[in-house]
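A short reminder: the numbers here are calculations on the coordinates, not readings from a lab. The model shown is predicted, which means the values in this text are computed figures rather than measured ones. Every residue, glycine among them, receives a Cβ derived from its backbone with ideal geometry; neighbour counts consider all protein chains shown.
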Amino acid sequence: MTGERTYPVLPCADLDDALAFYSALGFTISFHQRRPYPCAVVELDEIAFHLFSMDGFDPANSYGSAIITVAEPGDRHEAFKKGLRELYGKVPIKGIPRLLPPRRKAGTATGFTVVDVGGNWLRFYRHGSSEDDPSERRSGLARVIDVAARQGDSRGDDAQAITVLDAGLGRYPDAPPRELFEALLYRAELMMRTGADAAPDLAAAQAVLTEHQLDEEAEQALALATENAHPPESQ
């Protein structure tokens, strides 16, 4: 039936902060009230979220989540990246909030994840992609990266994702340069998320990029990761 929609209801600690965040992503505020309780609805094309604030809410303990299918995740990601850079001065890829780079998950499903200011996980996938077609699965180190992404980006288990990558890097030392670069860069991102030193992985990724003259996309990905490796006061 036409006119039917689903609005995921997502908590936050401060509604004004949440509205600023979603506005930066390109959402418009279609409803907003402060009494009898603060809540709002934000919309972007056919995507809509209902936001509400809770006294004492800790975003780090949020279990909020939503799955959104879109025609082209890459286009959405680029728009979100631009908006968050304007809001924060950089694109956050660690902490709360953060925007994770687009990646394949285990199987053929492709997409990216946004963690909003309320700690809610918004999982964007390409419409029609699947995790269940073994004929489309990658192999070697690329497959390892996909499995690690399921742990780190889908389940939020960064430590396990690092373990998976370390095993893969040890097993496939002669992997193609692009796969090696991707694995090192993802490991650097995971190290940052856990508060560990990402400098060795960033340096190794830089060496692969330089030696094998990888493309502009790889250069931009490394620049984004390096930007996040520095504390805010050094920006």
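Observations, loosely collected:
- Relative to the Cα centre, the charge distribution of the range 9-58, modelled as +1 at Lys and Arg Cβ and -1 at Asp and Glu Cβ, gives a dipole magnitude of about 220 debye.
- Each Lys or Arg adds one and each Asp or Glu subtracts one; over the other residues with Cβ under 14 Å from the Cβ of S53, this totals -4.
- Charged neighbours of S30, selected by a Cβ distance under 15 Å, balance to -2 (K, R count +1; D, E count -1).
- Over the chain: helical MRE at 222 nm, DSSP H runs n ≥ 4 each giving -39500 (n - 2.57), nearest 500: -13000 deg cm²/dmol
- Sites listed here are GluC sites (Glu not before Pro) in the range 1-99 whose DSSP assignment is loop and whose Cβ has at most 14 other Cβ atoms within 10 Å: E4, E46.
- Beta bridges per DSSP with both ends in the range 17-175, % antiparallel, nearest 5: 75 percent
- Note that the range 1-120 carries a Kirkwood radius of 15.1 Å, evaluated over its alpha carbons pair by pair.
- Net +/- balance of residues flanking G140 in space, Cβ distance below 9 Å, scoring K and R +1, D and E -1: +2
- Farthest positive-ward along the chain dipole, Cα basis, beta-carbon charges - from A229, A205, Q160: Q160
- Computed about the Cα centre, the dipole magnitude for the chain is approximately 380 debye when only Lys and Arg (+1) and Asp and Glu (-1) carry charge, each at its Cβ.
- In this simple spin-label approximation, D197 and D157 carry label points 7 Å from Cα along the Cα→Cβ vector, and these lie 2.8 nm apart.
- Positive end of the dipole of the chain (Cβ unit charges, origin at the Cα centre): among A60, P177, S139, the Cα lying farthest that way belongs to A60.
- Relative contact order %, the range 38-197, counting alpha carbon pairs below 8 Å whose residues are six or more apart: 18 percent
- Ranked from largest, the principal axis spans of the Cα set of the range 138-227 equal 33, 29, 19 Å.
- Cβ-placed point charges (K, R +1; D, E -1), dipole of the range 138-227 about Cα centre in debye, nearest 20: 440 debye
- Neighbour-count ranking [beta-carbon atoms within 10 angstrom, fewest first] of T6, T69: T6, T69
- Reported label for calculated percent of Cα pairs over 31 Å apart given (1) 18; (2) 25; (3) 29: (2)
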